[in-house]
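Notes follow the structure.
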Amino acid sequence: MHSNIPNSWFRVARSEELSAHGVIPLHYFGKEFVLFRTADGQPHILDAYCPHLGAHLAYGGRIEGQTIRCPYHGWFWDTNGHCANIPYPNKTKPKAKIQTRPVLEVNGLIMMYYHDQGKLPDWEVPQILELNSLEWTALRLVKQWKVRTTLQNYMDNSLDVSHLSNLHSRTFNSAHSHGVQIDGPILTHRMSQKYNLSSLAAGKLVLEDGSVTTIYYGPAYDVSFYWTEGKLKLGLLTIFTGTPIDTEYLDISIFYSVKKVLPFPLSLILNRMLKQDVLETFEQDVNILENKTDINNPVLYKEDGPLLQSRHWASQFYSENSV
Ligand code: FES
Ligand SMILES: [Fe+2]
């Protein structure tokens, strides 16, 4: 089967969603998984179905030490997917194995490496220093959307510079790409723009020069740093994550953190405004993404942004049987 799902690291949960000894079902990539936290606090992911008689381990499965116990007949499975024990007297445990998936807990998110042939990753999503700094607010969710689109369309939109001052004219007055830098699975895109801060300045038109650097760690996770150059040196960090639910729908979650430049409670108001702006801006994109079609040979101008470079970079994440 052809797939538009790349091989990469994907957000599958927020750390706070998986409590100690927590067990939750995941439905991503058109498949079922179980995500659980063992007694040592580490998150693990197994393919969902118990090889014995097919129960879904996330619906009633319980953590016992470093194992997850199937709700149906009580077999124990370890974090390598091996059967650790069966509750039948005098029986040797079976050799059956459940497929495990690489997991990473970083920047408050639980990430899973998905590869359509089960290959292991040779790179990881790094810790973001700002998120461990007291100068920045804690990372918070802006919103989670289920969007009928693909990561390719999402990525095109993200590097598309010319739509900013048109679709998002409420926020951007103009935007200019300084091109991309590529380093293996990491792509960095720098832009400068003029922000229209009228929504922040109570309706008064304020134009501020600003810059954005977006770093893509694979096609499903990117971190942006937004700065303004004027009197108010605003700093905003966003993490955009897109996880395919199947070949048709993408689970998009956006997170944000704000540099603490203003005293409380002004900072609180500013944070709310920035969050609201990120939310409303992306909802304008959702409306486009859900209803657009794919153009194989788009008519592109330099002003559109580095879409061809990013498409070429992204192609490394697709297997032969991906599209
Ligand atoms: S189905 Fe899991 S123990 Fe029987
Ligand atoms: Fe956009």
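A compact table of results
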| quantity | calculated |
| --- | --- |
| Any strands (runs of 3 or more DSSP E) falling wholly within region 30-119 and containing at least 3 residues that are within 13 Å of ligand 1 (Cβ to nearest atom), farther than 15 Å from Arg11 by Cα and in contact (Cβ under 8 Å) with a residue 12 or more places away in the chain | 83-85 |
| Filter result (surrounded by fewer than 17 Cβ atoms within 10 Å (Cβ to Cβ) and closer than 26 Å to Gly218 by Cβ) within region 266-280 | Leu279 |
| Some residue of region 131-142 being surrounded by 14 or more Cβ atoms within 10 Å (Cβ to Cβ), under 25 Å from Tyr28 (Cα atoms) and within 16 Å of ligand 2 (Cβ to nearest atom) | yes |
| Members of region 137-180 found to be modelled with pLDDT of 95 or more and in contact with a Lys or Arg (Cβ under 6 Å, 6 or more places away or on another chain), listed by number | Val142, His178 |
| Gln181 vs. criteria of a type outside the set (Gly, Ala, Ser), in contact (Cβ under 8 Å) with a residue 40 or more places away in the chain and closer than 25 Å to Ala314 by Cα | no |
| Count - residues of region 148-161 that are out of contact with any Ser or Thr (no Cβ under 9 Å at 6 or more places or on another chain), more than 10 Å from ligand 2 (Cβ to nearest atom) and not in a helix (DSSP H, G or I) | 2 |
| Test: residue in region 16-23 that is surrounded by fewer than 21 Cβ atoms within 10 Å (Cβ to Cβ), touching a residue at least 60 places away in the same chain (Cβ under 8 Å) and more than 22 Å from Ile239 (Cα to Cα) | no |
| Members of region 40-61 that are surrounded by 15 or more Cβ atoms within 10 Å (Cβ to Cβ) and within 20 Å of Val103 (Cα to Cα) | Pro43, His44, Ile45, Leu46, Asp47, Ala48, Tyr49, Cys50, His56, Leu57, Ala58, Gly61 |
| Count of residues meeting criterion [under 21 Å from Asn271 (Cα atoms), outside any loop (DSSP other than H, G, I, E, B) and of a type in the set (Gly, Ala, Ser)] in region 162-185 | 0 |
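The values are calculated or read from the model by the stated rules, or taken from the named source; none is laboratory data. Predicted, not measured: the structure shown is a model, and the values here were computed from it. Cβ sites come from the backbone with ideal geometry, for glycine too, and all protein chains shown count toward neighbours.
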